[in-house]
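Peer 1: Have a look at this one before I ask anything.
The values are calculated or read from the model by the stated rules, or taken from the named source; none is laboratory data. Not measured: the values here are computed from a predicted model. Cβ coordinates were reconstructed from backbone atoms using ideal geometry, including for glycine residues, and neighbour counts include every protein chain displayed.
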Amino acid sequence: MGFLLGLDVGNTRVKAYRLPEDAWSGTPSPEWTADIPSFAVPNSGASSLPDRLEARWGWPPDHVHVVSVRPDVSAQLQDLFDAEGVAARFWDGSDLPMQHPYENPYALGPDRLLAAMATSWLYPERDVILVDAGTAVTVDWIDDQGRFRGGAILPGRAALAAALAAAGAMLPQVTGLAAASFPGEDTESSMTLGLRAAFEGGVQRMLELARAVAPEAWVVVTGGDFEHVHRLLEPERCTAIPDLLGLGLALLEHRA
């Protein structure tokens, strides 16, 4: 017997979800993940998906829903599914069932819109600010009519650190951005202090701007770096949902 497969192809990782077969019954969690650098290698990355999943769920799936921000990986997956005779739907901003202001729907990241769609389903008739903290951090407004109104995009913690290291020949690559106190007493601790302040200050400033247009909005935090962002917020006014895209993929199967 086959299964329903959801794939979230991000900038950093690929997540595979086994989607519920009858109706939505909770937010699915990814049961298998892979780093993008290895998964994107031609002829050895995406093509290895059947072997990676067969022992866990069997192969092939009955149907696949894919939301991807990596065209190169999408092309490999499409070739794989065509060769295997697997029905797959690759979603983009033009066909996800949610109203948005983008004139060019293909310019709107499908992961961003799908997360907003799942948020709207969880919080109907309510303004919500959605913070998705990954390679980039998006701070988006979903209004009480269930419309995606847009938002802001800023660098994630790792992207900030990589950009600073690339800009200075003598600057090291800093990872983790652990808490540090002022003053930093070496280059790495000084960078950690500054990068952490830039990241946290950027997120908090975007939330201030969002609350200016939606003062009563609930805040939902998701993404790979959700824990760090969640610690910055008022717990009585926000919810952390680490795998919001898993819910979005399940909704595409049963409600789109």
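Peer 1: Search the range 23-47 for residues that are under 22 Å from L244 (Cα atoms) and pair each with any residue that is of a type in the set (D, E) and at pLDDT 70 or above when their beta-carbon atoms are under 8 Å apart and the residues are at least 6 apart or on different chains.
Peer 2: Close Cβ pairs (under 8 Å, with a partner that is of a type in the set (D, E) and at pLDDT 70 or above) amount to T27/D243; P28/D243; S29/D243; P30/D8; P30/D243.
Peer 1: While we're here: Look at V220 and say whether it is closer than 14 Å to A118 by Cβ and modelled with pLDDT of 95 or more.
Peer 2: Spelling it out, V220 is indeed closer than 14 Å to A118 by Cβ and modelled with pLDDT of 95 or more.
Peer 1: Hey, can you tell me all the residues within the range 136-162 that are of a type in the set (D, E), outside any strand (DSSP E or B) and out of contact with any Pro (no Cβ under 9 Å at 6 or more places or on another chain)?
Peer 2: Answer for the range 136-162, where residues must be of a type in the set (D, E), outside any strand (DSSP E or B) and out of contact with any Pro (no Cβ under 9 Å at 6 or more places or on another chain): just D143.
Peer 1: Let me ask something else. Is there a residue being of a type outside the set (G, A, S), loosely packed, with under 13 Cβ neighbours inside 10 Å and under 15 Å from L130 (Cα atoms) anywhere in the range 235-252?
Peer 2: Scanning the range 235-252, I find at least one residue that is of a type outside the set (G, A, S), loosely packed, with under 13 Cβ neighbours inside 10 Å and under 15 Å from L130 (Cα atoms), so the answer is yes.
Peer 1: Among the residues of the range 76-101, write down those that are in contact (Cβ under 8 Å) with a residue 40 or more places away in the chain and either within 26 Å of G146 (Cβ to Cβ) or in a strand (DSSP E or B) (or both).
Peer 2: Those that are in contact (Cβ under 8 Å) with a residue 40 or more places away in the chain and either within 26 Å of G146 (Cβ to Cβ) or in a strand (DSSP E or B) (or both): R89, W91, L96, P97, M98, Q99, H100, P101.
Peer 1: Consider P215 carefully, then state whether it is farther than 30 Å from F90 by Cβ and either in contact with a Ser or Thr (Cβ under 7 Å, 6 or more places away or on another chain) or not in a helix (DSSP H, G or I) (or both).
Peer 2: Considered against the rule, which asks whether it is farther than 30 Å from F90 by Cβ and either in contact with a Ser or Thr (Cβ under 7 Å, 6 or more places away or on another chain) or not in a helix (DSSP H, G or I) (or both), P215 comes out as yes.
Peer 1: While we're on this one: Determine which member of the set V139, V69, V73 is assigned by TED's automatic domain parsing to the domain that holds E216, touching a residue at least 24 places away in the same chain (Cβ under 8 Å) and in contact with a strand residue (DSSP E or B) (Cβ under 7 Å, 6 or more places away or on another chain).
Peer 2: Only one candidate qualifies: V139.
Peer 1: Looking only at the range 93-128, filter to residues that are acidic (D, E) and surrounded by fewer than 16 Cβ atoms within 10 Å (Cβ to Cβ); which one of those is nearest to the chain's Cα centre (by Cα)?
Peer 2: Top of the filtered list is D95.
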